[in-house]
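Novice: One structure is given below, represented as structure tokens, and several questions about it will come after.
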Amino acid sequence: MRKILAVLLVLSLLLADVPGMTQNLVELRIRWYNDGNEGEVLRELLDRFEADNPDISVEIDTVDYRGGILGSLPLDLAAGEGPDIARITDWGGLAEHYLDMSPHLSDPDYWNENFEFFLGASRIGDDETSIAGFQDAFTVTGPYVNRTLFEQAGVDVPSDMTDSVSWEEWAEASRAVAEALEIPYPMAMDRSGHRFAGPAISMGAMYFDDMGHPNVMDDGFHAMSELFVGWHLDGTMHPEMWPLSEGYAGANEEFANAELVFYMSGSWQVRQFSDQIGDAFDWQAVPNPCGPGGCTGMPGGTAIVGIASTDHPAEVARVMEYLSSAEVLSEYLARTLFVPAHAGLRASGVEYDTDLQSAQDSLSVFIGQIAKFEQTAADLQSYPYNFHIFNSTRDRLTQAMVGEMTVDEAIERIQDDVDTALAEEG
């Protein structure tokens, strides 16, 4: 018996030096959605992290963007039943639920220097120091064209001839291609008020009054609304996607099937189109169309944030420090074909893991568009209640398309919706 006890004592002393054997394994969950292959890349990166940190396990819960991120995540967070980490796009709207990781980070300055844009947009009120997470991708809204269709129709691609192409000129060229080849849809835009905002700002929309209150009652917003609704009524824009959909909808399938000439979406589609289209036809992003207010798209992006309700804030911070490190994030961006939000990587550049010329050219175009953002676009993206503006824009303009109200009435209702929502927010 004494020999057995002695052996057990020796074993206990040895096991005390083995990481993870003297404490419970911390299991973290991350709520995630995919635009392309990023979930696959994330899993491989986290496998490496877990190998070096055997006391932490990270489970990825992959959900649909519309239902799982836009739909259920806000409800789960409000009920205190959210994950430990989440990938989100509504930076300001969910900010009250974010974990401030700064007490647990080894170098908070690294985050402030490289993720300043997201951090500024994800803080509430007078908070100037909290660190909730980081952008895993900088997104830039802008259009794609099917260059092969232009060539087959004998129509010049407008952006090949000048850097300043108006929305009206793109519409005319897209209609000409569609008519020549009997293509069903000349143009389409994601069913999103965020996607509409860049074109509206280019047409002169200011989105805010002199006091900083949201305001859509100006000539620029009205001008783009008139064009946009009219294009849906005359068949220039995909006549069914906005009127017959609910919430967010895209035209990826139509573009990939060469049924669409011009698609207003954004940089996150590069990975998907690389997989869906490849080199089946010549596709490429083109610079944002121009108007009296500029040639701007909308900034944005996906961000990975810690959630305040987690029981393991220190472990969440360890995972986040790993994923946000320059080396790991550079690999993630290279393999997912995303535009870098990390200031250092944007300056040094990312060597993308693709030989597809359409993808390389498109990424170059989107990176070049960052310098063309109008200040209004940046202010709107940073505004914590922008989702009220975006959602009402989407829904009220749809009502104008189906004849429930005029464009003027739709704009008035957008303003009323936003004013009411902000009053309720306090």
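Novice: List the GluC sites (Glu not before Pro) within segment 165-253 that DSSP assigns to loop and that have no more than 11 neighbouring Cβ atoms inside 10 Å.
Specialist: Glu182, Glu246
Novice: Hey, what do the phi angles of segment 44-60 turn into as Karplus ³J(HN,Hα) couplings, whole Hz, using 6.51/-1.76/1.60 and θ = phi - 60°, x for Gly and Pro?
Specialist: 5, 5, 5, 4, 5, 4, 5, 5, 8, 9, x, 8, 10, 10, 10, 9, 9
Novice: Using only DSSP helix segments of four residues or longer, with each worth -39500 (n - 2.57), what per-residue ellipticity at 222 nm results for the chain after dividing by its residue count and rounding to 500?
Specialist: Rounded to the nearest 500, the figure is -13500 deg cm²/dmol.
Novice: Listing Val140, Val177 from the residue with the fewest other Cβ atoms within 10 Å to the one with the most, what is the order?
Specialist: The most exposed by this proxy come first: Val177, Val140.
Novice: Looking at the chain only, what percent of DSSP beta bridges run antiparallel? Nearest 5 please.
Specialist: 60
Novice: Tell me which residues come under 5 Å, amide H to amide H, from Val165 once H is placed; ignore anything under 5 positions away on its chain.
Specialist: Cys290
Novice: So what is the relative contact order for the chain, in percent, with contacts set as C-alpha pairs under 8 Å and at least six apart?
Specialist: That works out to 24 percent.
Novice: Find the Rg to Rh ratio for segment 282-426, where Rh is the Kirkwood radius over alpha-carbon pairs and Rg uses the same atoms.
Specialist: Using Cα coordinates only, the ratio equals 1.06.
Novice: Another question about this same structure. Note the full-extension length gain between Gln399 and Ser164 as 0.36 nm times their separation in residues minus their Cα-Cα distance, in nm to one decimal.
Specialist: 81.4 nm
Novice: Hey, can you grab everything whose amide H is under 5 Å from the amide H of Tyr185? Only 5+ residues off in sequence or another chain; H modelled, so Pro and N-termini drop out.
Specialist: Placed amide hydrogens put Val261 under 5 Å from Tyr185.
Novice: Taking 8 Å as the Cα distance limit and 6 or more residues as the minimum spacing, I'd like the relative contact order of segment 132-212 as a percentage.
Specialist: RCO, segment 132-212: 21 percent.
Novice: For the chain, find the longest principal axis of its Cα atoms and tell me its angle to the long axis of helix 219-234, 0 to 90°, nearest 10.
Specialist: Rounded to the nearest ten degrees, it is 80.
Novice: Please list, in chain and number order, the residues 5+ apart from Trp268 or on another chain whose amide H is under 5 Å from its amide H, with Hs placed from the backbone.
Specialist: Under 5 Å from the amide H of Trp268: Val140.
Novice: Specify the inter-centroid distance of segment 367-381 and segment 233-252, based on alpha-carbon positions, in whole Å.
Specialist: First find each Cα centre; the distance between them is then 25 Å.
Novice: Output the 0 to 90 degree angle, nearest 10, between the alpha-carbon long axis of helix 407-425 and the longest principal axis computed from the alpha carbons of the chain.
Specialist: The angle comes out near 20 degrees.
Novice: Starting from the eigenvalues of the Cα gyration tensor, five times each then square-rooted, give me the equivalent ellipsoid semi-axes of segment 362-426, largest first, whole Å.
Specialist: For segment 362-426, the ellipsoid semi-axes come out as 28, 18, 9 Å.
Novice: How big is the equivalent ellipsoid of segment 228-362 along its three axes, where each semi-axis is √(5λ) from the Cα gyration tensor, reported in whole Å from largest to smallest?
Specialist: Result for segment 228-362: semi-axes of 33, 21, 16 Å.
Novice: In whole Å and largest first, what semi-axes does the C-alpha gyration tensor of segment 148-287 yield when each eigenvalue is scaled by 5 and square-rooted?
Specialist: 27, 17, 15
Novice: Sticking with this one: Which value, in nm² and rounded to one decimal, describes the direction-averaged projected area of the C-alpha convex hull of segment 83-158?
Specialist: 8.2
Novice: So, one more: Could you work out the pair-distance distribution P(r) of the chain from its alpha-carbon pairs, with 10 angstrom bin width and percents rounded to whole numbers?
Specialist: For the chain, the binned pair fractions read 4, 21, 30, 24, 13, 5, 2, 2, 1, 0 percent.
Novice: Could you tell me how many degrees, from 0 to 90 and to the nearest 10, lie between the Cα long axis of helix 313-324 and the main elongation axis, the longest principal axis, of the Cα atoms of the chain?
Specialist: It works out to around 60 degrees.
Novice: Related question: Can you pull out the GluC sites (Glu not before Pro) in segment 86-130 that DSSP calls coil and that have at most 15 other Cβ atoms within 10 Å?
Specialist: Glu128
Every read-out reported here was derived from the displayed coordinates using simple, explicitly stated rules and does not represent laboratory data. Nothing here was measured: the structure is a model prediction, and the numbers come from that model. Positions of Cβ are backbone-derived with ideal geometry, glycine not excepted, and every protein chain shown enters the neighbour counts.
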